[in-house]
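Everything on this sheet refers to the single structure shown next.
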Amino acid sequence: MGVAERNRPKSIYDYPQVYERQGMKLGHFGCIMLDVEPIDVTGILGTDRWYYSSGRDELRYVRGPVAEKVAHCTLLYGLTPGDNAGHEQRESVDELLDGLDLTSVSVSHVSYFPGQMGEPYSCVIAHLDAGGDLLEANRRLRFLPHIDSFVDYRAHVTLAYVRQEHTDRAVNVLNDALAGEELTAVGINYGGELKG
């Protein structure tokens, strides 16, 4: 294993057996999201042939241009005990987020995460300027019972899941269109079925 691989940020998907031994099912944790207005990814890219969809249950959210249907910034993923944890803890979520300005987010740049579980896709994302109230929302929500599914919080909006061979082109075109843009928030999404 090289230095780059050893230093790659880890996620729960790198250690599925840890959660299986505890009776937990990957991809079935609660999530609190900040929904933003949909983004016309296909209109920007000008093609729909680049997209990737997974057939695996634990990757059921890997479904092509997801920002066209439900665009969101995950404020915290990994709520326990399961898919509906956000809804079950809605009162606490609202209390923790009270007083924060979450009316819009700003796109810093577009990049990608590599696919999970050996599948040949990339998750193309719009990185957000994660200062101020966006970062504070993540910090406050960590007071709820949860599992840290990634080592760092990277505020982003998932734009699309694309086939690996189209990653660089998709990132470049979407970055040209979206870097510096303000995305209007439409409300808190308490999770359930994770959509992207």
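None of the figures in this text is laboratory data; all of them are computed from the coordinates on show. All values derive from a computational prediction rather than experimental measurement. Here the Cβ positions follow ideal geometry from the backbone for every residue, glycine too, while neighbour counts run over all protein chains shown.
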> Using 1/(1 + (r/R0)^6) with R0 = 25 angstrom and r between the beta carbons of Asn172 and Asp133, what's the FRET efficiency to the nearest 0.05?
Replying inline: 0.25
> So, counting K/R as plus one and D/E as minus one, what does the shell of residues with Cβ under 14 Å around Asp40 add up to?
Replying inline: -3
> Roughly how many debye, to the nearest 20, is the charge dipole of the range 109-196 about its Cα centre, given +1 on each Lys and Arg Cβ, -1 on each Asp and Glu Cβ, and no other charges?
Replying inline: 240
>> Could you work out the relative contact order of the chain? I mean the mean sequence separation of Cα pairs under 8 Å and 6+ apart, divided by the number of residues, in percent.
In response: 34
> Which residues' amide hydrogens lie under 5 Å from the amide hydrogen of Ser104, considering only partners 5 or more residues apart or on another chain, with H built in the peptide plane?
Replying inline: Ala185
> How much length is gained if the chain between Asp40 and Arg154 is pulled fully straight, taking 0.36 nm per residue apart and subtracting their Cα-Cα distance, in nm to one decimal?
Replying inline: 38.8 nm
>> Suppose the chain between Thr184 and Asp94 were pulled fully straight at 0.36 nm per residue; how much longer would it get relative to their current alpha carbon spacing?
In response: 30.5 nm
> What length, rounded to one decimal in nm, is gained on full extension from Ser104 through to Asn84, with 0.36 nm per residue of separation minus their alpha-carbon distance?
Replying inline: 4.7 nm
> Under unit Cβ charges (Lys, Arg +1; Asp, Glu -1), what dipole magnitude, rounded to 20 debye, does the range 28-189 have relative to its Cα centre?
Replying inline: 540
> Expressed as a rounded percentage, what relative contact order does the range 13-120 have, with Cα pairs under 8 Å and six or more residues apart?
Replying inline: 34
